[in-house]
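Remarks on the structure that follows.
The values are calculated or read from the model by the stated rules, or taken from the named source; none is laboratory data. Being a predicted model, the structure only gives us computed values, none of them experimental. FYI the Cβ positions are ideal-geometry reconstructions off the backbone, even for glycines, and counts take in every protein chain you see.
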């Protein structure tokens, strides 16, 4: 499927499906957000969302909200039932906001990471973060991990190829995972595997969370395909 009514310069940086509306959206390098109907392949709307490339998009699991982040350092919440009005603007990070993600077990909470080395946790009802954690280096991605019971963790991935596992309850880093190739972390897979996708080749490196807290783990190497 090809997006209609796009100029040749409308290069896309991020995409996301809105399954319950049968829409998909794309954020371009100029800060515009394009919304199209998947069923009809028609444009629903487009609007200027940011003053720079839209890096990340995420859809609220139940409310009519989309969250976008950008190189302009902001996170914005958009309500499509209110005509795509911006209902919250967060001055989130001191540099690019690389990734935003809703907590799957608390949809009022949002995590973000940026080039300013910070992991931040937000309540979408508040303009201020409830938690700020220093990751020591440029972060590229963030994901949630829930192994069962009342345990919840956040996994962050850095530009240097290191993952950090954070305990949500105590706001502490309980594990450093090094030895991963530099690239973008694609999230937490089955059985607690942290998978990484490198920019130059399709190699998956994985390490499990089965070992107890503390210390530093080295990644095992595997190849996809």
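Within the range 113-125, residues that are free of Cβ contacts under 8 Å to residues at least 24 places away in the same chain reach partners that are surrounded by 21 or more Cβ atoms within 10 Å (Cβ to Cβ) and part of a loop (DSSP other than H, G, I, E, B) with beta carbons closer than 6 Å, at six or more positions or on different chains, in the pairs 116/93. Restricting attention to the range 71-102 and to residues that are out of contact with any strand residue (DSSP E or B) (no Cβ under 8 Å at 6 or more places or on another chain) and on the phi < 0 side of the Ramachandran plot, the residue that is modelled with the lowest pLDDT turns out to be 72. Within the range 13-53, can you find the residues that are assigned to a loop (DSSP other than H, G, I, E, B) and under 20 Å from residue 88 (Cα atoms)? If the condition is that a residue be assigned to a loop (DSSP other than H, G, I, E, B) and under 20 Å from residue 88 (Cα atoms), then 31, 49, 50, 51, 52, 53 are the ones that fit. Comparison of 44, 66, 87 shows that the only residue that is under 27 Å from residue 11 (Cα atoms) and crowded, with 20+ Cβ neighbours inside 10 Å is 66. Of the candidates 44, 59, 35, the single residue that is under 19 Å from residue 141 (Cβ atoms), in contact with a helix residue (DSSP H, G or I) (Cβ under 9 Å, 6 or more places away or on another chain) and assigned by TED's automatic domain parsing to the domain that holds residue 72 is 59. In this structure, residue 37 does not qualify as within 14 Å of residue 96 (Cα to Cα) and either free of Cβ contacts under 8 Å to residues at least 40 places away in the same chain or touching a strand residue (DSSP E or B) at 6+ places or on another chain (Cβ under 6 Å) (or both). Of everything in the range 141-151 that is within 17 Å of the chain's Cα centre (by Cα) and surrounded by fewer than 21 Cβ atoms within 10 Å (Cβ to Cβ), the residue that is farthest from residue 99 (Cα to Cα) is 146.
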